[in-house]
Amino acid sequence: MNKFTLNGQLIGDEEPTFIIAEAGINHDGNINIAKELVQKASDSGADAVKFQIFKAEEFCSFNSEYFNLFKDLEITEDEWIEIAEFAKEKNILFTASVFGDESLEILDKTGSTFYKTASGDITYKGLLQSLGKKGKPIILSTGMATIGEIEEALNFIRQTDNSNIGILHCVSNYPTNYNETNLNVIKSLKKLFQIPVGFSDHTDGTIIPAIAVALGANIIEKHFTIDKSLPGPDHNLSLEPNEFKEMVNNIRITEVAFGDGSKIPMEPPESINAARRSIFVTRDIKEGEQLKKDMLSVLRPAIGIEPKYLDFVSGKNINKDIKRENPLLWEDIW
């Protein structure tokens, strides 16, 4: 599988999961809320915080029922630069989905080291190629897309000689029911495209991202807010800081639980011996006596001859006296 690098961190199999706090439009058009989202995302252990930078005119018609909503949520270029600088101070990567040339120019001015595309723009060749020409890594959301559309979008980007691409499996239902997540798609996409694949999660709670990582997700993106009760369309389906931190912890636990696939006992020898059995004698036995099965028992701990040799030792003679309840040792028989 091809890997790519985000700000010095390799993204791909056998690498730490790259975790994105999807702040989106949960700033509600307020720079102070945006900065608080950055701070809380950093405190929660996210690798990156992602917003949406747009001018409403770039992607919504004036007659759209959502035009005024997005217009009210616009943040100025200077404010985005200030937010990005704040993220740098807080040691968390800043990026955003962009929706046209104007918002792309703003994002570039923030110094973002990678790009993220919205699911709805997977067929927007012009935008994908504008991003590709910048030469920076691109994480492509695939909600609502067919395999053919994903392949076509990847080709649009690769035509710009940019192959630093990851894709996110995504179900664009808000919220997504557990039975809709179809996490096995992660494995399918990795096999088909041989590039890093992640999961953009819209389910309730924190369990699904950890399961996605167990199935091979290299990137996790999850909506993030400082308060679910705030007004706005995305707050109620987002994780609050304590929940996001729990999700990050679950992912990191999942990573260390993988191991290397080698079946090697991890328990100390004394624990293994205490749990296993060996052959013991059930009565006093005199030197020269012949062992019979009714003189023997298989008991814990494993300090004598292994149970698999029970038939072999039956019929053997004893070369010394042995007291009952003592283990049978190889040097005791001839």
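Counting only aspartates and glutamates at least 8 places from Lys40 when in the same chain, those with an alpha carbon closer than 15 Å to its own are Glu22, Glu89, Asp227, Glu240, Glu243, Glu246. Once you've got the Cα coordinates, tell me which of Lys50/Lys136; Lys88/Lys133; Lys136/Lys190; Lys293/Lys323 are over 18 Å apart. Going by Cα-Cα distance, Lys88/Lys133; Lys136/Lys190 fall outside the 18 Å limit. Accessible surface for the chain, divided over its residues, is 49 Å² per residue with a 1.4 Å probe.
Once the Cα atoms are used to define both axes, helix 101-110 deviates from the longest principal axis of the chain by about 60 degrees. Tell me the label only: which of (1) 21.1; (2) 20.4; (3) 23.3 is Kirkwood radius over Cα pairs in Å as calculated from this structure? From the options (1) 21.1; (2) 20.4; (3) 23.3, the structure gives (3). Carbon-plus-sulfur accessible fraction, the chain (probe radius 1.4 Å, protein heavy atoms only): 48%.
Summarising the amide proton neighbourhood of Ile19: residues at separation of 5 or more, or on other chains, whose placed amide H is nearer than 5 Å comprise Asp47, Ala48, Ile220. Exposed loop sites are taken as GluC sites (Glu not before Pro) in a DSSP loop (any state but H, G, I, E or B) with at most 12 other beta carbon atoms within 10 Å; the longest stretch of the chain without one runs 66-286. Placing a label point 7 Å from the Cα of Glu325 along the Cα-to-Cβ direction, the residues of region 264-294 with a backbone N closer than 13 Å are 281-284.
Between the Cα long axis of helix 31-43 and the first principal axis of the chain there is an angle of about 10°, rounded to the nearest 10. Here region 133-259 was treated as a single set of alpha-carbon atoms; its pair distances binned every 10 Å from 0 give 12, 40, 32, 15, 1 percent.
About its Cα centre, the chain has a charge dipole of approximately 1800 debye under the convention of +1 per Lys or Arg Cβ and -1 per Asp or Glu Cβ, with nothing else charged.
Net charge in the neighbourhood of Lys90 (other residues with Cβ under 14 Å of its Cβ; Lys, Arg +1, Asp, Glu -1) is -3.
From helices alone, the chain scores -9500 deg cm²/dmol at 222 nm; the rule is -39500 (n - 2.57) for each run of n ≥ 4 DSSP H residues, then divide by the residue total.
Around the Cα centre of region 74-208, unit charges on the Cβ atoms of Lys, Arg, Asp and Glu (plus for the first two, minus for the last two) sum to a dipole of about 800 debye. In the chain, the longest principal axis of the Cα atoms and the axis of helix 77-89 are about 20 degrees apart.
The values are calculated or read from the model by the stated rules, or taken from the named source; none is laboratory data. Predicted model, so just to flag it, every value in this text is computed and none were measured. So basically every Cβ, Gly included, is an ideal-geometry build from the backbone, and we count neighbours across all protein chains shown. Side chains are part of the model used for accessible areas, which takes the heavy atoms of the whole protein and leaves out ligands, DNA and RNA. Shrake-Rupley method; radii C 1.70, N 1.55, O 1.52, S 1.80 Å.
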